[in-house]
Amino acid sequence: MDEHAHKRRVALTVDVEAHPIRAAEDHVNRLIWGRQHGREAGIQTMMDMADRHGVPMTFFLDYPEAELYGDDLLDVGREIHRRGHDLQPHCHAEYLVKRLFGLDDMWAVRLPTATPEQCRAIAEALAAYHADITGRPPLAHRSGAYLIGPNYLDALKSAGFIIDASYYYLLCPASSMLLGDYGGFRWQNGLRELPIPLIPHFRNLNRLVLWNFHARPFTVGNLAENLQTHREFLRAWFNRHGDGAVATLVLHSWSFWKMDAAGYFTIPADEMRELLDGLLAMLKEEYEIVSVGQLAEEERAAPAPLEAVQPAVSAPVCPICHEPASHFQDYNNGSKRRCPFCGSVERQRTLVDLLYAGAFGPGVFHQRDVLHIAPGRPEKLLLRRMQQPRVTTLNILPGCDLQADIQAMPELADNSFDVVLASEVFRHVRDLGKALAEIARVLRPGGLLLCSDCLENADYGREITDIDEQTAWYGREKWEQYGIGDFRRFGRKDWEMHFQPWFVTRLVKADDRITGSPAWWLACTPRKGENTPCGA
């Protein structure tokens, strides 16, 4: 391990299962061994690949399916164990409901809501299956459909499990726990959690992308392109969660087959075999590959320093990047108000809620031409969630699509944009009237300026004329070179008034869901009349 000590770590996990709905017949052979149409492409193939590359894999076997398939299913575990690969329990608990609880409805007991007694019975059944095959207690676990709950986590800990690999943060009703995006943590009972890796806004996609071998972003290109996608995903994930986190790839025993029109996995997918082979070579070169069982042994010997997290149905998270609110930092004389990952504060987070509530109308950014002035990271990430906006970034400082002064933008034609987004911009512009006239000019009729500024705790603001105060935030050099500084403070009553000669305005107030503090956004539509100061 010393030779790889400098490398980030990944674990390759395979959910081994043969659900009846995924094959018409001969389920274990077809969905686990991959034996159909005169070929074999299943877990033996995966183990052969792993052996050839000299890397470990962890196989999470759905032991409850022994209630359906008997020794045919348990023989799968025996073969994995015989070949020396890491075998750990997987659990689709619905198959145990009849035997353990005498209930005919297989969905009557669900892990997120099961009683402590039911959870203990399920965890002990998994441990017994595993001990019968391996002669040892299990070390790690992954639940079916990633469903977990407080009682079940306690049952796993009591049954001797060291690691759970089930936490899957998705913003949908099916998620059992919505605690935010973590790279790794420890439940308060001491059980270590290896979350399913997720990236929000990955490659500008309007969803959370998980590190699943079958996830669409990893399968739409040729081999080189798909490997590069894996590489970019991991780079972004580790950059967020740190080198000490462990990224866990999710595969399935049927990963080398595609679904037919009837919903069965019967179509050979040789390109997926090629992808896994290439992926193993790439990962071995760039990362240290570990098994989940190895991580559990390390954990038992020397527990990793991880954050303790309380099991709950949900917890507040940043609506832009899904960072847990418990991680927020003090910022600008405010307590726990800044997201450490995306950098958002109240105004950006309330914009998310207002957009999704339709406060500015439907599809504000959807396939629109957007001018984003002085773009911050939170707003950039937010725009990635919108549907195909055509964004032009602009700043008076270098680093954007256009370097320009919004007081005079000859680079931009009249009526060029549908939306202008400007967060914390107008207090820093020397001549506010010129800037507003230019923005009204480049907006199309019916277009929208969305802006927010930090308001004074007073009805009326003031113009700042003292040079020392003007240069306190950006510094004297930028004030002299670019003409930016603090030139005014808006008050609660006069902020909107400054925009009305050029725009029809509407003020919207929202409370930040994390801090409870208010933020204000101004929605402005250009007047475009002959009697307006902009003359548009």
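The values are calculated or read from the model by the stated rules, or taken from the named source; none is laboratory data. Bear in mind the structure is a predicted one, so any value in this text is a computation, not a measurement. Neighbour counts run over all protein chains shown; Cβ positions are idealised from the backbone, glycine included.
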With respect to PRO137, is the statement that it is buried (at least 21 other Cβ atoms within 10 Å of the Cβ), part of a loop (DSSP other than H, G, I, E, B) and free of Cβ contacts under 8 Å to residues at least 60 places away in the same chain true? no
Hey, THR266 within 28 Å of GLN44 (Cβ to Cβ) and not in a helix (DSSP H, G or I) or not: yes
Considering only region 97-113, state which residues are without any contact (Cβ under 8 Å) to a residue 24 or more places away in the chain and either touching a strand residue (DSSP E or B) at 6+ places or on another chain (Cβ under 8 Å) or closer than 20 Å to HIS19 by Cα (or both). VAL97, LEU103, ASP104, ASP105, MET106, TRP107, ALA108, VAL109
Do we find a residue being within 38 Å of the chain's Cα centre (by Cα), surrounded by fewer than 19 Cβ atoms within 10 Å (Cβ to Cβ), β-branched (Val, Ile, Thr) and within 18 Å of THR350 (Cβ to Cβ) anywhere in region 501-509? yes
For region 469-485, state whether one or more residues are surrounded by fewer than 22 Cβ atoms within 10 Å (Cβ to Cβ), touching a Ser or Thr at 6+ places or on another chain (Cβ under 7 Å), assigned by TED's automatic domain parsing to the domain that holds LEU383 and without any contact (Cβ under 8 Å) to a residue 60 or more places away in the chain. yes
For region 95-107, how many residues are closer than 17 Å to ALA145 by Cβ, surrounded by 14 or more Cβ atoms within 10 Å (Cβ to Cβ) and touching a helix residue (DSSP H, G or I) at 6+ places or on another chain (Cβ under 8 Å)? 3
Looking at (1) over 22 Å from LEU522 (Cα atoms); (2) surrounded by 14 or more Cβ atoms within 10 Å (Cβ to Cβ); (3) in the same structural domain as ASN415 (by TED's automatic domain parsing), find the lone condition where PRO375 falls short. (1)
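So that you can scan it fast, the table gives a plain yes or no per residue for (1) surrounded by fewer than 16 Cβ atoms within 10 Å (Cβ to Cβ); (2) out of contact with any Lys or Arg (no Cβ under 6 Å at 6 or more places or on another chain):
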position: GLY149; (1), (2): no, yes
position: PHE161; (1), (2): no, yes
position: ASP164; (1), (2): no, yes
position: ASP181; (1), (2): no, yes
position: LEU191; (1), (2): no, no
position: PRO195; (1), (2): no, yes
position: ARG203; (1), (2): yes, yes
position: THR229; (1), (2): no, yes
Give me a count of the residues in region 512-536 that are under 16 Å from ARG349 (Cα atoms) and either assigned to a loop (DSSP other than H, G, I, E, B) or modelled with pLDDT of 95 or more (or both). 8
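This table checks each residue for (1) in contact with a Gly (Cβ under 9 Å, 6 or more places away or on another chain); (2) among the charged types (D, E, K, R).
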{"residue": "LEU100", "(1), (2)": "no, no"}
{"residue": "ASP104", "(1), (2)": "no, yes"}
{"residue": "PRO116", "(1), (2)": "no, no"}
{"residue": "ILE133", "(1), (2)": "yes, no"}
{"residue": "HIS141", "(1), (2)": "no, no"}
{"residue": "LEU147", "(1), (2)": "no, no"}
{"residue": "ASP154", "(1), (2)": "no, yes"}
{"residue": "ALA159", "(1), (2)": "no, no"}
{"residue": "TYR168", "(1), (2)": "no, no"}
If we take region 281-364, then strands (runs of 3 or more DSSP E) inside it with 2 or more residues that are touching a helix residue (DSSP H, G or I) at 6+ places or on another chain (Cβ under 7 Å) are 288-290
Just name the residue that is nearest to GLU469 (Cα to Cα) out of those in region 411-429 that are surrounded by fewer than 19 Cβ atoms within 10 Å (Cβ to Cβ) and at pLDDT below 95. GLU424
Within region 28-72, which residues are more than 24 Å from GLU271 (Cβ to Cβ) and without any contact (Cβ under 8 Å) to a residue 60 or more places away in the chain? VAL28, LEU61, GLU65, GLU67, LEU68, TYR69, GLY70, ASP71, ASP72
Sole residue being surrounded by 20 or more Cβ atoms within 10 Å (Cβ to Cβ) and assigned by TED's automatic domain parsing to the domain that holds PHE417, chosen from LEU402, LEU397, LEU351: LEU351
Residue check for THR113: of a type outside the set (A, V, I, L, M, F, W, C), closer than 25 Å to HIS85 by Cβ and out of contact with any Pro (no Cβ under 8 Å at 6 or more places or on another chain): no
Looking at region 67-85, is at least one residue within 32 Å of the chain's Cα centre (by Cα), charged (D, E, K, R) and under 24 Å from ILE162 (Cβ atoms)? no
Could you run through region 333-348 and say how many residues are of a type in the set (A, V, I, L, M) and surrounded by fewer than 19 Cβ atoms within 10 Å (Cβ to Cβ)? 0
Identify, please: which residue in region 54-73 is touching a helix residue (DSSP H, G or I) at 6+ places or on another chain (Cβ under 8 Å) and surrounded by fewer than 17 Cβ atoms within 10 Å (Cβ to Cβ) and is, among those, nearest to LEU31 (Cα to Cα)? LEU68
